[in-house]
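Only one structure is covered here, and it is reproduced in the block below.
The values are calculated or read from the model by the stated rules, or taken from the named source; none is laboratory data. Here the structure is a predicted model, which means the values were calculated and not measured. Quick reminder, even Gly has a Cβ in these numbers, built from the backbone with ideal geometry, and neighbours come from all protein chains shown. Side chains included, ligands, DNA and RNA excluded: accessible areas come from the protein's heavy atoms. Shrake-Rupley method; radii C 1.70, N 1.55, O 1.52, S 1.80 Å.
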Amino acid sequence: MSSLTTPASTPAPASPQAAAATSSTRGTARQIRGFVGGAFLDGIRAFDKIDPVDGSLVGQVHEAGPHEVDLAVAAARTAADGPWGRMTTGERAAILRRVADVIDRRFDELVAAEVRDTGKPETLARDLDVARAAANFRAAADTVSTAGLDSFLTELPDGRRALNYAVRKPLGVVAVIVPWNLPLLLLTWKLAPALAAGNSVVVKPSEQTPSSATMLAEILAEAGVPDGVVNVVHGFGAGSTGELLTSHPGIDAVTFTGESSTGSAIMRAVAPRVRPVSFELGGKNAAVVFADADLDAAIAGLARSTYLNTGQVCLCTERIYVERSVFDDVAAGLTEQARRLRLGRPEDPATTTGPLISHEHREKVRAYLDLAVAEGATVLAGGGVPDLGDDLAGGSWIEPTLWTGLDQTHRTVREEVFGPVAALIPFDTEAEAVALANDTDYGLAAVTWTRDLSKGHRVAQRMRVGMSWVNTWYLRDLRSPFGGVGLSGIGREGGRHSLDFYTEPTNVCVQL
Ligand code: NAD
Ligand code: 6OD
């Protein structure tokens, strides 16, 4: 980490035009600052953000220290006690829809920011990340506009009658801590419903992907979200900004997406003050392919669920169980698909697959590739670091990889890799397939491929996961519950499930 000393906590102009100049340039390096109380904020130091495509410098990120985190929480508290939480849901929903409109208008800028930070193909950033950011705000506006109150008319045997109704109140100040794989998508997935419910927030984006969060703060201000309602602090996790935030006494709840071990650390941080948490954590997701499946569709679906975003989606498949009679067909088809993926620069429309997020993450994934071979894997595709020429030699590239020859005893079948890798394992019966898929400490997502719909429903329901797909993957309604069991998380978000987390009901009982 290179460090750059800057004056701590210097507020910068709040107008979007002035702010854009202040947030984006100083000298030659782009400066990525925090955003607190409606103004940009310098950090205690700055660290380099490196482009995973070629190792070039993206910019310098201002790390928030204790004072900056205090300022952010104080700004959020002031805003939480202000007009935002007292607005009608209709007024807040209208502002959130304006946010979605501004995202649409600044779509290309957001795509560019997301691509610079992650190296993902531009087409993916357009079709998935930024499109979903706007959709998240519209969905949250719809949900809050149509949410009713719980109400019960109570009639007791002694003749007394009472009307119960539960009003939903915001939690107050919510810490929103998000990872680097789908930075804007995952931030807005949490931020939009938190705001719709009337909360103020302090956002801590990943140190790997700071840019789109700072840009979003400008967009929210432009759309009319009052100052202090959304604050962004940048920095690292343990021993840095993330830990300062989650252990801060002014935080009323934490919503977090990231590694399971980080979830444990956050639980410990909030335990003394018993704050609610919503956790979307890691996974070691299974797909089950029955012999009666449409194999072409299954192979194409498996290629997508294994390799999308270079395997860096929490829902990605890393274990593929295939009925023995079609095992060789699926292995051959998926090997061909993996080898056809095209690694390259994000702006090239032919690119299907970007780099991993960082050299550090590549070292982790590469260690699993080596471990798989040591554990006895046969490598059908990939297995190492590609040579993409001098131009991309500084990037954190890895080959899309496929293994056979592994089983449940191997670490590579039990531990989350979070890269473009999967193990193919044969099975003989439906019961065995379900048992293998459920043989994990995680429990986020599963996919079943079959033409037999009864079997599809049956197996999907028996998967010990939060999300179970049949003959598709990642397709879903944003109102559906999203989350995991076991090491994959606590709670559900999406539609009314998000409102349930981001609000605290107060029941009012009136004797009639
Ligand atoms: P991570 O847990 O390392 O970091 C996530 C965020 O937490 C970052 O902003 C980081 O700075 C912060 N952080 C780290 N340690 C912290 C601490 N002690 N206190 C407070 N904040 C801390 O995860 P990552 O490497 O950024 O993301 C990859 C992981 O996220 C994978 O395990 C993946 O499965 C998981 N993930 C899960 C979902 C889901 O919906 N279940 C979605 C995306 C990613
Ligand atoms: O699509 C979503 O809403 C969502 N939360 C996706 C999570 C992906 C994990 O990497």
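Side notes on the structure shown:
- Scanning region 261-278 for residues that are β-branched (Val, Ile, Thr), within 30 Å of residue 87 (Cβ to Cβ) and open to solvent by 50 Å² or more (accessible area, probe 1.4 Å) returns a single hit, 274.
- Where helices (runs of 4 or more DSSP H) fall wholly inside region 257-349, the ranges with 1 or more residues that are more than 26 Å from the chain's Cα centre (by Cα) are 295-307, 327-340.
- Residues of region 471-498 that are surrounded by fewer than 19 Cβ atoms within 10 Å (Cβ to Cβ) and more than 15 Å from ligand 1 (Cβ to nearest atom): 471, 472, 475, 477, 479, 496.
- Count of residues meeting criterion [open to solvent by less than 20 Å² (accessible area, probe 1.4 Å) and not in a loop (DSSP other than H, G, I, E, B)] in region 365-399: 5
- Only residues that are surrounded by 23 or more Cβ atoms within 10 Å (Cβ to Cβ) and at positive phi were counted across region 238-252, and they come to 0.
- Each residue in region 203-236 was checked for being within 12 Å of ligand 1 (Cβ to nearest atom) and either over 16 Å from the mean Cα position of the chain (by Cα) or crowded, with 22+ Cβ neighbours inside 10 Å (or both), and 12 of them qualify.
- Complete set of residues in region 122-138 that are touching a helix residue (DSSP H, G or I) at 6+ places or on another chain (Cβ under 6 Å) and among the aliphatic types (A, V, I, L, M): 125, 130, 133, 134
- Of all residues in region 387-433 being in contact with a Leu (Cβ under 9 Å, 6 or more places away or on another chain) and polar (S, T, N, Q), the one that is farthest from residue 324 (Cα to Cα): 396
- Taking every residue in region 330-346 that is basic (Lys, Arg) and pairing it with any residue that is loosely packed, with under 13 Cβ neighbours inside 10 Å, at least 6 positions away or on another chain, the pairs with Cβ-Cβ distances below 7 Å are 342/350.
- Restricting region 281-317 to residues that are closer than 30 Å to residue 247 by Cα and out of contact with any Pro (no Cβ under 9 Å at 6 or more places or on another chain), the residue that is farthest from ligand 2 (Cβ to nearest atom): 284
- Residues (away from ligand 2 (no atom under 16 Å from the Cβ) and in a helix (DSSP H, G or I)) located in region 142-157: 144, 145, 146
- Every residue from region 182-192 that is open to solvent by 10 Å² or more (accessible area, probe 1.4 Å) and touching a helix residue (DSSP H, G or I) at 6+ places or on another chain (Cβ under 8 Å): 189
- Neighbours by Cβ (under 7 Å, 6+ apart or cross-chain): first from region 91-104, farther than 15 Å from residue 212 by Cβ; second open to solvent by 40 Å² or more (accessible area, probe 1.4 Å) and of a type outside the set (Lys, Arg): 93/145
- Inside region 281-308, residues that are open to solvent by less than 10 Å² (accessible area, probe 1.4 Å) and within 12 Å of ligand 1 (Cβ to nearest atom) make up a count of 4.
- Comparison of 247, 264, 240 shows that the only residue that is within 14 Å of residue 69 (Cα to Cα), free of Cβ contacts under 8 Å to residues at least 60 places away in the same chain, small (Gly, Ala, Ser) and in the same structural domain as residue 107 (by TED's automatic domain parsing) is 247.
- Any chance residue 174 is crowded, with 22+ Cβ neighbours inside 10 Å, away from ligand 2 (no atom under 13 Å from the Cβ) and under 22 Å from the mean Cα position of the chain (by Cα): yes
- Checked against the criterion of being surrounded by fewer than 22 Cβ atoms within 10 Å (Cβ to Cβ), within 16 Å of ligand 2 (Cβ to nearest atom) and of a type in the set (Gly, Ala, Ser), region 253-260 contains one or more residues that satisfy it.
- Residues that are touching a helix residue (DSSP H, G or I) at 6+ places or on another chain (Cβ under 8 Å), open to solvent by 20 Å² or more (accessible area, probe 1.4 Å) and more than 16 Å from ligand 2 (Cβ to nearest atom) within region 412-448 comprise 415, 426, 428, 430, 438, 440, 441, listed in sequence order.
Let's see how each residue does on (1) away from ligand 2 (no atom under 16 Å from the Cβ); (2) closer than 22 Å to residue 37 by Cβ:
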{"position": "181", "(1), (2)": "no, no"}
{"position": "198", "(1), (2)": "yes, yes"}
{"position": "206", "(1), (2)": "no, no"}
{"position": "272", "(1), (2)": "yes, no"}
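- Filter result for residue 362 (of a type in the set (D, E, K, R) and open to solvent by 50 Å² or more (accessible area, probe 1.4 Å)): no
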